[in-house]
1. Report whether or not residue 67 is among the charged types (D, E, K, R), over 17 Å from residue 14 (Cβ atoms) and within 13 Å of the chain's Cα centre (by Cα).
2. Looking at the stretch 48-56, is at least one residue touching a Phe, Trp or Tyr at 6+ places or on another chain (Cβ under 9 Å) and either among the basic types (Lys, Arg) or closer than 22 Å to residue 4 by Cβ (or both)?
3. Restricted to the stretch 65-89, and to residues that are among the acidic types (Asp, Glu) and over 24 Å from residue 53 (Cβ atoms), which residue is modelled with the highest pLDDT?
4. Take the residues of the stretch 1-11 that are in a loop (DSSP other than H, G, I, E, B) and open to solvent by 30 Å² or more (accessible area, probe 1.4 Å): which is modelled with the lowest pLDDT?
5. When you scan the stretch 60-79, how many residues do you find that are more than 11 Å from residue 1 (Cα to Cα) and touching a Ser or Thr at 6+ places or on another chain (Cβ under 9 Å)?
6. Could you please find all residues in the stretch 12-50 being open to solvent by 70 Å² or more (accessible area, probe 1.4 Å) and farther than 13 Å from residue 62 by Cβ?
Amino acid sequence: MLTSKERAELRAQANAIDTTLIVGKDGVTEHVVAEADRLLTARELVKGKVLETALMSAREVSDEICEATGADGVSCVGSKFVIYRFSEKCQEERNQTGRA
(Lines give C-alpha, C1' and ligand atoms only; values in the text may rest on other atoms or scores of the structure.)
Protein backbone atom coordinates (compact mmCIF):
# COMPACT_ATOMS: atom_id res chain seq x y z
CA MET A 1 0.00 0.00 0.00
CA LEU A 2 1.37 3.36 -1.03
CA THR A 3 1.18 6.53 1.04
CA SER A 4 -0.13 9.71 -0.53
CA LYS A 5 3.39 11.18 -0.73
CA GLU A 6 4.74 8.06 -2.46
CA ARG A 7 1.79 8.10 -4.86
CA ALA A 8 2.40 11.78 -5.66
CA GLU A 9 6.08 11.12 -6.35
CA LEU A 10 5.23 8.17 -8.63
CA ARG A 11 2.66 10.29 -10.50
CA ALA A 12 5.37 12.88 -11.13
CA GLN A 13 7.76 10.19 -12.43
CA ALA A 14 5.01 8.77 -14.66
CA ASN A 15 4.69 12.06 -16.55
CA ALA A 16 8.01 11.38 -18.27
CA ILE A 17 7.40 7.76 -19.30
CA ASP A 18 5.68 6.51 -22.44
CA THR A 19 2.51 4.43 -22.54
CA THR A 20 3.67 0.82 -22.81
CA LEU A 21 0.57 -1.21 -22.00
CA ILE A 22 -2.52 -1.06 -24.24
CA VAL A 23 -5.82 -2.71 -23.31
CA GLY A 24 -8.17 -3.31 -26.23
CA LYS A 25 -11.70 -4.53 -26.80
CA ASP A 26 -11.05 -7.94 -25.19
CA GLY A 27 -10.35 -6.26 -21.86
CA VAL A 28 -7.98 -7.75 -19.30
CA THR A 29 -6.90 -11.10 -20.73
CA GLU A 30 -4.17 -13.53 -19.65
CA HIS A 31 -1.86 -11.95 -22.22
CA VAL A 32 -2.45 -8.44 -20.87
CA VAL A 33 -1.75 -9.62 -17.31
CA ALA A 34 1.40 -11.47 -18.43
CA GLU A 35 2.66 -8.39 -20.28
CA ALA A 36 1.88 -6.14 -17.30
CA ASP A 37 3.78 -8.54 -15.01
CA ARG A 38 6.77 -8.54 -17.36
CA LEU A 39 6.77 -4.73 -17.60
CA LEU A 40 6.43 -4.30 -13.83
CA THR A 41 9.41 -6.61 -13.25
CA ALA A 42 11.51 -4.72 -15.79
CA ARG A 43 10.47 -1.13 -14.96
CA GLU A 44 8.44 -0.99 -11.70
CA LEU A 45 6.31 1.89 -13.03
CA VAL A 46 4.01 1.22 -16.00
CA LYS A 47 1.68 3.58 -17.84
CA GLY A 48 -1.23 2.01 -19.69
CA LYS A 49 -4.09 3.08 -21.91
CA VAL A 50 -7.57 1.66 -22.40
CA LEU A 51 -8.83 1.95 -25.97
CA GLU A 52 -12.29 3.36 -26.66
CA THR A 53 -13.46 -0.02 -28.00
CA ALA A 54 -12.93 -1.63 -24.59
CA LEU A 55 -16.08 -1.94 -22.51
CA MET A 56 -14.19 -1.14 -19.30
CA SER A 57 -13.02 2.07 -17.68
CA ALA A 58 -9.38 2.76 -16.88
CA ARG A 59 -10.14 2.33 -13.16
CA GLU A 60 -11.66 -1.14 -13.70
CA VAL A 61 -8.72 -2.24 -15.85
CA SER A 62 -6.20 -0.88 -13.36
CA ASP A 63 -7.93 -2.63 -10.44
CA GLU A 64 -8.03 -5.98 -12.28
CA ILE A 65 -4.38 -5.81 -13.31
CA CYS A 66 -3.30 -4.76 -9.82
CA GLU A 67 -5.20 -7.64 -8.28
CA ALA A 68 -3.70 -10.16 -10.72
CA THR A 69 -0.10 -8.93 -10.44
CA GLY A 70 0.12 -7.68 -6.87
CA ALA A 71 0.76 -4.11 -8.00
CA ASP A 72 -0.55 -0.82 -6.60
CA GLY A 73 -2.62 1.62 -8.61
CA VAL A 74 -1.03 5.06 -8.75
CA SER A 75 -3.48 7.07 -10.85
CA CYS A 76 -6.28 6.91 -13.40
CA VAL A 77 -6.99 9.91 -15.60
CA GLY A 78 -9.30 9.62 -18.57
CA SER A 79 -8.34 6.50 -20.48
CA LYS A 80 -4.83 6.25 -19.00
CA PHE A 81 -3.67 4.58 -15.81
CA VAL A 82 -0.39 4.11 -13.95
CA ILE A 83 0.53 1.09 -11.82
CA TYR A 84 3.57 0.35 -9.63
CA ARG A 85 5.17 -2.73 -8.10
CA PHE A 86 8.57 -2.92 -6.37
CA SER A 87 11.08 -4.94 -8.39
CA GLU A 88 14.22 -6.60 -7.02
CA LYS A 89 15.74 -6.44 -10.51
CA CYS A 90 15.40 -2.65 -10.66
CA GLN A 91 16.74 -2.31 -7.11
CA GLU A 92 19.87 -4.29 -8.06
CA GLU A 93 20.42 -2.07 -11.10
CA ARG A 94 20.06 1.07 -8.95
CA ASN A 95 22.57 -0.33 -6.43
CA GLN A 96 25.09 -1.08 -9.20
CA THR A 97 24.84 2.40 -10.70
CA GLY A 98 24.88 4.11 -7.31
CA ARG A 99 21.44 5.73 -7.61
CA ALA A 100 19.11 5.76 -4.60
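The values are calculated or read from the model by the stated rules, or taken from the named source; none is laboratory data. As the structure is a prediction and not an experimental result, all values here were calculated from the model. Here the Cβ positions follow ideal geometry from the backbone for every residue, glycine too, while neighbour counts run over all protein chains shown. Surface accessibility is based on the protein's heavy atoms, side chains included, excluding ligands, DNA and RNA. Shrake-Rupley method; radii C 1.70, N 1.55, O 1.52, S 1.80 Å.
1. Numbers: among the charged types (D, E, K, R): yes; over 17 Å from residue 14 (Cβ atoms): yes; within 13 Å of the chain's Cα centre (by Cα): yes.
Yes: the conditions hold for residue 67.
2. Looking only at the stretch 48-56, we keep the residues that are touching a Phe, Trp or Tyr at 6+ places or on another chain (Cβ under 9 Å), and these are 48-50.
Then keep just the ones that are either among the basic types (Lys, Arg) or closer than 22 Å to residue 4 by Cβ (or both); that gives 48-49.
Yes: one or more hits.
3. Going through the stretch 65-89, the residues among the acidic types (Asp, Glu) turn out to be 67, 72, 88.
So of that shortlist, the ones also over 24 Å from residue 53 (Cβ atoms) come out as 72, 88.
On the way: 72: 96, 88: 85.
My answer is 72.
4. Step one: of the stretch 1-11, the residues in a loop (DSSP other than H, G, I, E, B) are 1-3.
Restricting the remaining residues to those that are open to solvent by 30 Å² or more (accessible area, probe 1.4 Å) gives 1, 3.
Working: 1: 83, 3: 93.
Top of the filtered list is 1.
5. Total meeting the criteria: 4.
6. We begin by selecting, within the stretch 12-50, every residue open to solvent by 70 Å² or more (accessible area, probe 1.4 Å); these are 13, 15-16, 18, 22, 25-26, 30-31, 38, 43, 49.
13, 15, 16, 18, 22, 25, 26, 30, 31, 38, 43 - these are the residues of the stretch 12-50 that are open to solvent by 70 Å² or more (accessible area, probe 1.4 Å) and farther than 13 Å from residue 62 by Cβ.
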